[in-house]
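J.: Could you have a look at this structure, given as structure tokens, before my questions?
The values are calculated or read from the model by the stated rules, or taken from the named source; none is laboratory data. The structure presented is a predicted model; accordingly, all values stated were derived computationally and were not measured. Here the Cβ positions follow ideal geometry from the backbone for every residue, glycine too, while neighbour counts run over all protein chains shown. SASA here: full protein model, heavy atoms, side chains in, ligands and nucleic acids out. Shrake-Rupley method; radii C 1.70, N 1.55, O 1.52, S 1.80 Å.
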Amino acid sequence: MHSRILYTLEYMYSKYVRGDNTPEYAEYLGYLSAAELYPDFKPIAFRGFLEELLDGKAHRPYPVLSL
């Protein structure tokens with residue numbers, strides 16, 4: 001039980017105090033962002049996707065899979 005508390009406290013410290021879970025830290029470590037990997041990709045906002053879905057204009061990414 002004590003180890004679970006320790007893991008939780010260590011995670012909270014790394015996330016909120018040290019800031020390990022930030023894009024800046026990931027860049028410092030050498031990770032690439034999606035924008036750097038796919039410069040031509042233009043994401044849409046969730047609201048835009050939802051509007052397409054409700055208007056019936058959204059397409060299934062894997063049409064061969066059935067529900």
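J.: Would you kindly find the accessible area of VAL17, with a 1.4 Å probe and non-protein molecules such as ligands, DNA and RNA excluded, rounding to the nearest 10 Å²?
T.: 100
J.: Using only the alpha carbons of the range 1-40, what is the convex hull's orientation-averaged projected area in square nanometres?
T.: Mean projected area of the Cα convex hull: 3.7 nm².
J.: Once the Cα atoms of helix 46-55 and of the chain are each reduced to a long axis, what angle between those two axes, in degrees from 0 to 90 to the nearest 10, is obtained?
T.: 30
J.: Test of understanding: what is the full-extension gain from ARG60 to TYR38, defined as 0.36 nm times their sequence separation minus their Cα-Cα distance?
T.: 5.8 nm
J.: Local charge sum around ASP20 (other residues, Cβ-Cβ under 14 Å, Lys/Arg +1, Asp/Glu -1)?
T.: So the surrounding residues net to -1.
J.: Any idea what log10 I(q)/I(0) is at q = 0.12, 0.13, 0.27, 0.29 Å⁻¹ for the chain, Debye with uniform C-alpha scatterers and no solvent?
T.: -0.68, -0.74, -1.14, -1.18
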